[in-house]
Amino acid sequence: MKINITLEELAQVINGEISGAIQEVSVHSIAYDTRLIQSGENKAFFALQGKFRKGSDFISDAYSKGIRVFVLEQTPDEQYNDAVFITVKNPLDSLLILAKWHRNKFDIPVVAIAGTHGKTMLKEWLGILLSEKHRVVKSPKSFNSKLGVALSLLELNHDSEFGLFEVSITDPGEGKIFQELLNPSHGVLAFAGDKYDNNFESKEDKLE
């Protein structure tokens with residue numbers, strides 16, 4: 001990830017409240033899964049709430065791997081004398097806000113690819129073609145959920161000339177969320193089958 005933001009700026013962008021050992025530290029990337037952390041230097045850990053586990057349950061693990069900046073719903077009971085905590089209402093929503101802030105720094109073509117099937121293959125094909133003339137940033141693998149799109153956007157950097165991002169619209173209202181997050185200059189609709197039909201009032205509603 002390619003962000004570069006101070007703690008004060010981060011708290012301001014995501015409308016969070018800072019506490020703990022406030023210091024002059026820049027955040028260059030974010031972490032959300034302690035299993036993927038190799039070094040915690042200049043990283044902020046977003047304690048996301050999952051279906052079965054809470055991100056706040058892994059604060060100690062993240063701390064042991066070098067993380068010193070945490071974005072979470074409430075400060076932990078355990079004391080960490082050299083850690084900084086930024087409390088927010090919802091860490092995932094805050095991550096989306098951060099990704100939107102980062103995306104808006106780039107005035108480049110951004111393509112949003114939607115549909116029920118074929119998004120990843122289409123994205124990879126477009127990536128191959130466009131990379132012949134442009135420096136392209138694209139969603140890794142099938143990162144097309146709200147979390148996946150936010151993480152993908154945070155890969156934009158000063159060398160980026162084109163963005164390719166796939167989105168999975170599974171519930172009403174998600175299309176608007178992705179539109180505001182990506183602010184795409186172009187849209188591509190892949191195959192739209194019957195997947196997720198039960199979540200919408202009708203096929204037409206889903207397609208719209």
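The values are calculated or read from the model by the stated rules, or taken from the named source; none is laboratory data. Please read all numbers here as calculations on a predicted model, not as lab measurements. A quick note on method: Cβ atoms are made from the backbone with ideal geometry, for glycine too, and the neighbour counts reach across all protein chains shown. Surface areas here come from the heavy atoms of the whole protein model, side chains and all, with no ligands, DNA or RNA. Shrake-Rupley method; radii C 1.70, N 1.55, O 1.52, S 1.80 Å.
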Scanning region 1-57 for residues that are in a helix (DSSP H, G or I), open to solvent by 70 Å² or more (accessible area, probe 1.4 Å) and over 15 Å from residue 84 (Cβ atoms) gives 35, 36, 57
Any chance residue 126 is part of a helix (DSSP H, G or I), in contact with a strand residue (DSSP E or B) (Cβ under 6 Å, 6 or more places away or on another chain), hydrophobic (A, V, I, L, M, F, W, C) and closer than 18 Å to residue 8 by Cα: no
Checklist (1) charged (D, E, K, R); (2) over 19 Å from residue 29 (Cα atoms); (3) over 14 Å from the mean Cα position of the chain (by Cα) applied to residue 105, failing item: (2)
Can you name the number of the only condition in (1) under 24 Å from residue 3 (Cβ atoms); (2) open to solvent by less than 30 Å² (accessible area, probe 1.4 Å); (3) in contact with a Gly (Cβ under 9 Å, 6 or more places away or on another chain) that residue 184 fails? (2)
Using beta carbons and a limit of 6 Å, which pairs, at least six apart or on different chains, have the first residue in region 112-133 and on the phi > 0 side of the Ramachandran plot and the second one in a strand (DSSP E or B)? 115/189; 115/191; 118/191
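The rows are residues; the columns are (1) open to solvent by 60 Å² or more (accessible area, probe 1.4 Å); (2) charged (D, E, K, R); (3) over 16 Å from residue 107 (Cα atoms).
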| position | (1), (2), (3) |
| --- | --- |
| 165 | no, no, no |
| 178 | no, no, yes |
| 202 | no, no, yes |
| 208 | yes, yes, yes |
Looking at the structure I just gave you, is residue 171 free of Cβ contacts under 8 Å to residues at least 40 places away in the same chain, in a loop (DSSP other than H, G, I, E, B) and farther than 20 Å from residue 90 by Cβ? no
If residue 91 meets every condition in (1) under 18 Å from the mean Cα position of the chain (by Cα); (2) in contact (Cβ under 8 Å) with a residue 60 or more places away in the chain; (3) open to solvent by less than 10 Å² (accessible area, probe 1.4 Å) apart from one, which number is that one? (2)
Against the condition open to solvent by less than 40 Å² (accessible area, probe 1.4 Å), on the phi < 0 side of the Ramachandran plot, without any contact (Cβ under 8 Å) to a residue 60 or more places away in the chain and among the aromatic types (Phe, Trp, Tyr), how does residue 106 come out, does it pass? yes
So if I check each of 60, 94, which one is outside any loop (DSSP other than H, G, I, E, B), among the polar types (S, T, N, Q) and under 15 Å from residue 3 (Cα atoms)? 94
Restricting to region 129-166, give me the number of residues that are outside any helix (DSSP H, G or I) and of a type in the set (Val, Ile, Thr). 2
Does at least one position in region 71-86 carry a residue that is open to solvent by less than 70 Å² (accessible area, probe 1.4 Å), under 25 Å from residue 168 (Cα atoms) and modelled with pLDDT under 95? no
Tally of residues being in contact (Cβ under 8 Å) with a residue 24 or more places away in the chain and either touching a helix residue (DSSP H, G or I) at 6+ places or on another chain (Cβ under 8 Å) or among the acidic types (Asp, Glu) (or both) across region 6-32: 14
